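Some notes on the structure that comes next.
The values are calculated or read from the model by the stated rules, or taken from the named source; none is laboratory data. Only a predicted model underlies this, so the values are computations on that prediction, with no experimental measurement involved. All Cβ positions, even for glycine, are placed from backbone atoms using ideal geometry, and neighbour counts span all protein chains on display.
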Amino acid sequence: MASVTYDSIWKKFGDVVALQDFNIKVEDKEFLVLVGPSGCGKTTALRCLAGLEEPTSGSIMIEDKVVNDIAPKDRDIAMVFQSYALYPHMTVFDNMAFGLKLRHFPKDKIKTRVNEAARIMGIEELLKRKPRELSGGQRQRVAVGRAIVREPKVFLFDEPLSNLDAKLRVQMRTEISKIHNRLATTFIYVTHDQTEAMTMATRIAVMNKGVLLQLDTPQELYDNPKNQFVAGFIGSPAMNFFNGHIRMHENTMFFNSGKFWLKIPPKRREALANLMNKEAVFGIRPENIYNPQFAPQNVLTETVEAKVEVTELMGNEIFLYMKTDGTNFVARVDPRTHFEIGDTAKVAFNMDLFHIFAPSLDPDNPVAIF
Amino acid sequence: MMTPNDYPAAFTTSRRIYRNKRVLRETLVGWLFVLPALLMYATFVLVPILLTIHYSLYRWNGVGPMTWVGMQNYVSVFQIPNLIGTISNAFWLVVWFSFIPVSLGLIVASVMHRVGTGRFGAIAQTVVFLPQVIALVAAGIIWGWLLALPGLVNQILRLVGLGAISRAWLGDFNWALPSVGVIGIWVLLGFCTVLLSTAMTKIDPAFYESARLDGANWLQEFIAITLPLLRYEIGVCLTVTVVNALAAFDIVYVATAGGPGNATAVPGLQIYILAFTQRSVGLASALAVILMVLVILVILPIQRLNREAAL
């Protein structure tokens, strides 16, 4: 059990900057998920902690000890690899026992530990098999089991579920969460799948291009993304964005996309004052767009006209893929909605739950005004 | 419900005939496809083998009449010290041509895999592989010069103060065979290194990373991961180099021609001398058959291990 601290970590591969001034403090027993698109530096961050990469500058601490110059084996960590890295010529038992054998554990202790880990992972009957005789899900369990055996202070997971099919992935997700609760150890988990991040993490670190964009609880990330990248990355279907300007007209503030005008509620005017007549991005999540017929009561809405391009019936809801003024967006509406493809339909935007991002303040990374 | 067993007798019979016909046709077509390759193989491999076995049962000078001698030629091979000596020489060469290049190749390959990526690795690989590209005859001549009394090897020895051990390496009764062996190492090391280092690049780096996190050192990684995962390629290297050793001819012929005395005579060379200079085709054939059996006996277990590794 231990906390992990990244203190101003930079990692460069030649001219490529993989990590830029990366700072995180992972609390003891926390389940931290590093999430971001491929090449965002999340795996590099993990590998630096494991000791498989050396940071260019900055220090990494486990508990209060700087581990930069400590060999990987002495950092008391265990890692589950994306490819599982199960030795094909060894049985499951030998795979799980390998690390303990290298540490000269007595035989009976190895046996007890492996059996205990196998019991936790439900793979007791597979111990004599070779990895090639196992299914993907079973291999995954063995890989996690091999990490458990070591009883490390910190568990590292590098996209462990990406080789599994969708159904198994959902199942393993809950299993890994259960193991985290059971072992009560620090978990650091890398994934590019925001659903995995949202469902498992106590806190999520969203990264892009080697920069940590936001570190927060899943709910906080979802409700209050700090910038447009985080807003677009977290949530599925993703948040819709409309480019436009903030305008004032007859003492009322509007977001003007060019085609449509959305009246901004008076209570949010102040925050937007310095964006007046400037470029802005309006963001709204698909579930906050309604079929006006079924819009919730007591919610301030604005109506937008758009063309229905595709409808997807999900059973409990319908995804409407719509287009207005050259911008595509998705609405999650009531399943009783009957819009035909090609129709021009009116949908209601919830004007209490929207976000404004200001590209004019930071063109590379539009920040959220609210 | 009717199961296939309940079909009326006549119907079953007609079905069976139909199926047999189809099977026959498929077999025939299959053989037709194989035939061209089979013809080549028969002409250049099977027929010569059978002819060699046939000749080995006769006394024959290659042109005149053949005299039936039964197993006498085989008995002679085991009775004439010079001939049995070539077989023991061949097995000595296995050490030099096979075990050393494969072991050394493993070490060189894993060092290159660890250290030399990029341009250095490519240059090192080319240099190590170069002997494979040079014609063996040329290599034999070059090494003949290097190892001669005034050659470079002795010059270097004298330069570093080891002049006392300098000698005509290929002309020394005790040192000729090891010297030929060194030439073999030089030639075959490149082959083994390139094959093994290519195989090493296919090993998932996560295996090594995982082992490092588990606390494995270089040697433990080598024994627990590299060796078992290269079993198949090591088998291929062993097969090729063992065959090279047992059937060695060109290097030996050019470097020493079997001398001094019979110190470096190997079966391949002896077969050539017997058949073409001494005109004992029968005896040469018997030695060839024995060599073939030996090669098969040595290679089969390696191949079997290989097949298990490939599973």
- Task: List every residue pair whose Cβ atoms lie under 9 Å apart, where the two residues are 6 or more positions apart in sequence or sit on different chains, the first residue falls within the stretch A:87-106 and is under 19 Å from B:P205 (Cα atoms) and facing another protein chain (nearest Cβ under 9 Å), and the second residue, located anywhere, is assigned to a helix (DSSP H, G or I) and of a type in the set (S, T, Y).
- Result: A:Y87/B:S210; A:F98/B:S210; A:G99/B:S210
- Query: Is there any pair with a first residue in the stretch B:206-225 that is at the interface with chain A (Cβ under 7 Å from one of its Cβ atoms) and a second that is among the basic types (K, R) whose Cβ atoms are under 7 Å apart and which are 6 or more apart or on different chains, and what are they?
  - Reply: B:R212/A:K73; B:L213/A:K73; B:D214/A:K73; B:G215/A:K73; B:G215/A:R103
- Task: Spot the failing condition for A:N316; the list is (1) modelled with pLDDT of 90 or more; (2) under 23 Å from A:Q214 (Cα atoms), and only one is missed.
- Result: (2)
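Residues that are of a type in the set (F, W, Y), in the same structural domain as A:T195 (by TED's automatic domain parsing) and in contact with an Asp or Glu (Cβ under 8 Å, 6 or more places away or on another chain): does the stretch A:71-88 have at least one?
yes
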- Sole exception among (1) of a type in the set (D, E, K, R); (2) touching a Gly at 6+ places or on another chain (Cβ under 7 Å); (3) surrounded by fewer than 16 Cβ atoms within 10 Å (Cβ to Cβ) for B:K202, by number: (2)
- Of the residues in the stretch B:177-205, how many are aliphatic (A, V, I, L, M) and free of Cβ contacts under 8 Å to residues at least 12 places away in the same chain? 0
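Going residue by residue through the stretch A:295-312, is there one that turns out to be out of contact with any Cys (no Cβ under 6 Å at 6 or more places or on another chain), small (G, A, S) and without any contact (Cβ under 8 Å) to a residue 12 or more places away in the chain? First the steps, then the outcome.
Filtering the stretch A:295-312 for residues out of contact with any Cys (no Cβ under 6 Å at 6 or more places or on another chain) gives A:295-312.
Retained after the next criterion (residues that are small (G, A, S)): A:295, A:306.
Now restrict to residues that are without any contact (Cβ under 8 Å) to a residue 12 or more places away in the chain: none.
Looking for residues that are out of contact with any Cys (no Cβ under 6 Å at 6 or more places or on another chain), small (G, A, S) and without any contact (Cβ under 8 Å) to a residue 12 or more places away in the chain, one finds none in the stretch A:295-312, hence no.
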- Conditions: (1) surrounded by fewer than 18 Cβ atoms within 10 Å (Cβ to Cβ); (2) in contact (Cβ under 8 Å) with a residue 12 or more places away in the chain. B:N154 meets all but one. Number of the miss? (1)
- Note on the structure: Checked against (1) in contact with a His (Cβ under 7 Å, 6 or more places away or on another chain); (2) assigned to a helix (DSSP H, G or I), A:E125 satisfies every condition except (1)
- Those residues of the stretch A:2-25 that are out of contact with any helix residue (DSSP H, G or I) (no Cβ under 9 Å at 6 or more places or on another chain) and either exposed (fewer than 15 other Cβ atoms within 10 Å of the Cβ) or not in a loop (DSSP other than H, G, I, E, B) (or both) come to a total of 13
- Message: List the helices (runs of 4 or more DSSP H) inside the stretch A:142-232, counting only whole elements, that have at least 3 residues being free of Cβ contacts under 8 Å to residues at least 60 places away in the same chain and over 30 Å from A:G99 (Cα atoms).
- Response: A:194-200, A:218-223
- Message: Residues that are free of Cβ contacts under 8 Å to residues at least 60 places away in the same chain, out of contact with any helix residue (DSSP H, G or I) (no Cβ under 9 Å at 6 or more places or on another chain) and either closer than 14 Å to A:L262 by Cα or hydroxyl-bearing (S, T, Y) (or both): does the stretch A:324-343 have at least one?
- Response: no
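So which residues in the stretch A:311-351 are assigned to a loop (DSSP other than H, G, I, E, B) and over 30 Å from the mean Cα position of the chain (by Cα)?
Here is the first cut: in the stretch A:311-351, the residues assigned to a loop (DSSP other than H, G, I, E, B) are A:314-317, A:325-326, A:334-343, A:351.
Within the stretch A:311-351, A:D325, A:R336, A:T337, A:H338, A:F339, A:E340, A:I341, A:G342, A:D343 qualify.
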- Task: Within the stretch A:171-198, track down each residue that is within 18 Å of A:R139 (Cβ to Cβ), in contact with a Leu (Cβ under 9 Å, 6 or more places away or on another chain) and of a type in the set (A, V, I, L, M, F, W, C).
- Result: A:M172, A:I176
- Does any residue of the stretch A:109-130 turn out to be within 11 Å of another protein chain (Cβ to nearest Cβ) and under 16 Å from A:I148 (Cβ atoms)? no
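Anything in the stretch A:285-305 that is farther than 25 Å from A:F229 by Cβ and surrounded by 12 or more Cβ atoms within 10 Å (Cβ to Cβ)? List them, or say none. Steps first, please.
The first filter runs over the stretch A:285-305 and keeps only residues farther than 25 Å from A:F229 by Cβ, leaving A:290-303, A:305.
Within the stretch A:285-305, A:Y290, A:N291, A:P292, A:Q293, A:F294, A:A295, A:V299, A:L300, A:T301, A:E302, A:T303, A:E305 meet the criteria.
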